[in-house]
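Enquirer: Here you go, one structure.
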Amino acid sequence: MRRVGMCVQQGNDMLRRSRASVLRIGYLSAGAGLFFAALCLHAVHARPSEDQIIPKLEAIFAPLADAKSPGFAVLVRKDGRPIFERGYGVRDLRTLAPIDAQTNFRLASCTKQFTAMATMLLVHDGKLRYDENLTEVFPEFPGCGKTISIRNLLNHTSGLQDYETLMEQEEREGRHQWTAENQIHDAEVLALLEKQNSTIFPPGTKWAYSNSGYVLLGSIVAKISGKSFGEFLRERIFAPLKMEQTLAYEKGKNEVVKRAFGHSKEANGWKQTDQSSTSATLGDGGVYSSLSDLAKWDLALTQHTLLGESEMRPAFTAVQLAGGAQPVWPADSDRPVGSPASYGFGWFLDPYRNHSRMWHYGDTMGFHTYIERFNGDPAGRGALSIIVLCNRTDLDPEKLAAETAGLFVGTD
């Protein structure tokens, strides 16, 4: 499902140099605003002119999809305004409806930035504390829950078991069988975790990316707020920002308009691979959104629309382990074993070409997504945001975003 890193195979046969069907999308209007000074980010330098950049961006993306293939949407915002916004390919092979700025993709783990914001809003409301432990929220949680704080869940230092591993154990022992039609939901994840009497490691001593932790955060938001997770997101984030099409998708309860369906490429062509047994969980990956709505989210982060700079600071402060140890990627990731990991609340924070940035990937059945932000100077000059949303699994949006960033970000 949403594995650590982008586990993508991108064969040369999947990247035809055929002429792409490109849908041009009108530029979105947005103010530049001020970026988080707390991040202390270096300015991003755009060396070529904008007229020179556009053809280079087209050259990166246009060959990758055509009018009869699943595709992707790309947004590049520079200095607080869009300079490149394109849809390539189609959102649904049955209708061949083209991808545009309003096409809604499953964000997968890029959902975590919204789950983190929802949690932070409850802290702002005085209804939750970062040092509050799991058993204070869920009294039925086993004793290990007394050592796991909300902060541990947010920055992936809880040591919780991976719920997909627990699902596999349940299935092997014949106690339950989940499928794309009979999906696991947040309450069932909580029940699986409540059967565990210990964590993988003492909370706060190691870093390990945890979908379990973010499913629990979604459940915590629901319990503390008295609303469903999706309703809280809508009332406190999406509606205030006029993200009118963004939602936490729940089959049978709501619908995704202009929905992109996920696909995988097989030897005999494309196969729709939109749902799996784990596609119904919410806090770790259940949000759908579009370029047009994510541009509003990007602007809100710039302008501190939902929370002030000081309240946002914890989200953009890299986790520190007990005793000052450096967090590293574990052996079960596809990153180099032992390489440094830098994570705040819902965002990775490691630099690119010596420039500070915040970013996240999403990797799930039929979808790969990537959101990357570089801050500029205090006036917003030099800021850069790159968003790549794919409804196919043969492309690596992280690499595509890196190639895009390379046109703007120097090595100084």
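The values are calculated or read from the model by the stated rules, or taken from the named source; none is laboratory data. Here the structure is a predicted model, which is why all the values come from computation and not from measurement. Here the Cβ positions follow ideal geometry from the backbone for every residue, glycine too, while neighbour counts run over all protein chains shown. Heads up: the accessible areas ignore ligands, DNA and RNA and are worked out on the full protein's heavy atoms, side chains in. Shrake-Rupley method; radii C 1.70, N 1.55, O 1.52, S 1.80 Å.
Enquirer: Scanning the chain for GluC sites (Glu not before Pro) in DSSP loops with at most 11 other Cβ atoms within 10 Å, what's the longest stretch left with none? Mind dumping the intermediate values first?
Expert: Numbers: sites that count: E140, E173, E181, E255.
That gives 256-412 as the longest site-free run.
Enquirer: To continue, here is another question. Which residue fluctuates the most in the chain, going by a Gaussian network model with Cα springs under 10 Å, if the choices are Q183, Q245, Q169?
Expert: With Cα springs under 10 Å in the chain, the top fluctuation among Q183, Q245, Q169 is at Q169.
Enquirer: For K253, put the label point 7 Å out on the Cα→Cβ axis and report which residues of region 176-203 keep their amide N under 17 Å from it.
Expert: Within reach of a label on K253: 182-191.
Enquirer: Keeping all protein chains in place, calculate the accessible area per residue for the chain (probe 1.4 angstrom), answer in Å². Could the numbers behind the result be given before it?
Expert: Details: 16340 Å² over 412 residues.
Each residue of the chain exposes 40 Å² on average to a 1.4 Å probe.
Enquirer: Next question, about the same structure. With Cα extents along the principal axes in Å in mind, check (i) 103, 50, 33; (ii) 99, 49, 40; (iii) 60, 51, 41 and report the label derived from this structure.
Expert: Working out Cα extents along the principal axes in Å from the coordinates points to (iii).
Enquirer: With the crude spin-label approximation of a point 7 Å out along Cα→Cβ, what separation in nm comes out for R81 versus N268?
Expert: Label at R81, label at N268, 5.2 nm between them.
Enquirer: Okay, next question. What does the charge count around K253 come to, taking other residues whose C-beta lies under 15 Å from its C-beta (Lys +1, Arg +1, Asp -1, Glu -1)?
Expert: Working: positive: K227, R234, K251, R259; negative: D186, E231, E250, E255.
Charge balance near K253 sits at 0.
Enquirer: Which pairs break 26 Å Cα to Cα here: K206/K251; K78/K399; K68/K242?
Expert: Values: K206/K251 36 Å; K78/K399 19 Å; K68/K242 32 Å.
Checking Cα-Cα distances, K206/K251; K68/K242 exceed 26 Å.
Enquirer: Residues with beta-carbon under 10 Å from that of A222, excluding A222: net charge, scoring Lys, Arg +1 and Asp, Glu -1? Please list the in-between numbers first.
Expert: On the way: positive: K223, K227; negative: D186, E231.
Result for the local shell: 0.
Enquirer: Oh, and also: Given a 1.4 Å probe and every protein chain left where it sits, what share in percent of the accessible area of region 242-350 is carbon and sulfur? Each step should come with its number before you reach the end.
Expert: Working: 2290 of 4530 Å².
Answer for region 242-350: carbon and sulfur cover 51 percent of the accessible area.
Enquirer: Tell me, what ³J(HN,Hα) does each residue in region 350-367 have, in order and in whole Hz, if you take phi through Karplus 6.51 cos²θ - 1.76 cosθ + 1.60 with θ = phi - 60° and put x for Gly and Pro?
Expert: Per-residue couplings from phi come out as 7, x, 10, 6, 6, 10, 5, 7, 10, 7, 7, 10, x, 9, 8, 3, x, 9 Hz.
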